[in-house]
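What follows draws every value from the coordinates through simple rules; no lab data is involved. Given the structure is predicted, the values throughout are model-derived calculations rather than measurements. Here Cβ is always computed from backbone atoms with ideal geometry, including for glycine, and neighbour counts include all displayed protein chains.
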Amino acid sequence: MERAERIRHSNSLAVAAHQGRKNNFNLLRVAAAAAVLVSHCYPIAYGPAAVEPLSNLLGITLGHLAVLIFFIISGFFVSQSFARSAGLTDFVAARVLRLYPALIVVSLVTIAVIGPITTQLPIEAYFSESSTFFYLPRSLSLKWLQDGLPGVFLANPFPVAVNGSLWTLFYEVVCYAGAATVAAYIRDSTRRASFCFVAIAAGYLALSLLDFHYGLSGRSSALRNFQDLVPAFVAGMIFFHYRKLITLRWTYCLMLGVPVLVLSQTALFQSAFLVFLSYVVFLIGFNAFPFLHSYNQVGDYSYGTYVYAFPIQQAVASVLPGISPFGLFCVAAPIVAGLSVASWHLVEEPALRSRVYLRARLGRPRMQVESGA
């Protein structure tokens, strides 16, 4: 009995989460960002109607699957970040420093480099248009994004759109606020956690029923996006707040796969798949392939890959008209990789390190924030 308890304890999510950098989440995130790049190669090369990978098999694209993985991971680590922060200001600073420095730089690169190279307008006309200068503040707003720049990508198969990946950032930030609110209420209480997540599930079910009856998501893309992304983030939050009760084992993963197969042709498939996907993400992230842990010493290139991929792919499609999805990937991927590496080492990592000075002003944090937060 004691041996069984030791095995269960050693495989628990709570123990795994306290192993610092001994995880695969940097690698998982960069793989997900690369999957978004691969998925976007099809509409950027062939147009918005192009069939993307996995869309026929799972009913979602490879890119959407990757975004779900991002939100699952983020739900866990943002909840952890709040629990280990020195306070609300420290938590908000961490989120701002993770999100905005790279976003500012990629927006400026898009305006000042990609735009002038690819625009059909004379350079003077391009820089005289007000929309050129509105692009940066609209991007930083996250909500009121500007699709295009003057004369840029007008002849592309996927026309106008300059950075079609940024739309998810608004929902990510909304989820950050939700995670902080939930974590502040729960405060390590299992009873409060149960009440909170039951209430969230009930609210989501009520919203889904209203949507089914009145077709609300058909009239509101924002509502549809919330319905798609928030459950993944909440799944990550649940794994964090119940980490002491969750055991990571491959046999459990196989058991969770059975409902996915059984419900594959029903309305419950997406819910079953999300539970399975979440478990797989944390099993791989925390409890599998320890020889890959050394990747964490390299850096976290996922965010740079995510924000640079779309404009670079559009630029390649503009310069090389008629390029295939495979050719687009081969040309764009090395450029994006180089930019993401530069973004991490020159922009993102220095910005995150500046948080140390803010923490010194706020006082000693309750616990050191680990990799992934």
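Structural size metrics of the chain, computed from C-alpha coordinates, are Rg and Dmax of 21.5, 77 Å.
Computed over the stretch 2-362, relative contact order equals 33 percent, with contacts defined as Cα pairs under 8 Å that lie 6+ residues apart. Shown here is the pair-distance distribution of the stretch 227-346: with all Cα-Cα distances grouped in 5 Å bins from zero up to the longest one, the shares run 2, 9, 13, 13, 13, 15, 15, 12, 6, 2, 0 percent. With the highest mean first, a sort of the peptides 23-33, 301-311 on other beta-carbon atoms found within 10 angstrom per residue produces 301-311, 23-33. The orientation-averaged shadow of the Cα convex hull for the stretch 288-345, equal to a quarter of the hull surface, comes to 4.8 nm². On a C-alpha basis, how far is the centre of the stretch 193-235 from the centre of the stretch 101-124 in Å? Whole number, if you could? Going from one Cα centre to the other spans 37 Å. Think of the stretch 131-252 as a dipole: +1 on every Lys or Arg Cβ, -1 on every Asp or Glu Cβ, centred on the Cα centre; then among 150, 186, 136, 186 lies furthest on the positive end. Work out which helices of the chain, taken as complete DSSP H runs, extend at least 15 Å along their axis over the Cα atoms and score a mean Kyte-Doolittle of 1.0 or more, then list them. In the chain, the long hydrophobic H runs are 25-46, 62-84, 88-109, 167-186, 250-262, 269-287, 325-343. Result for the chain in a Gaussian network model with C-alpha springs under 10 Å: among 337, 50, 232, the largest mean-square fluctuation is at 50.
Gyration tensor analysis over the Cα atoms of the stretch 216-280 returns equivalent ellipsoid semi-axes of 25, 17, 6 Å (largest first, whole Å). Protection proxy ranking for 210-220, 112-122, 92-102, 38-48, using the average of other Cβ atoms within 10 Å per residue and placing the highest first: 38-48, 92-102, 112-122, 210-220.
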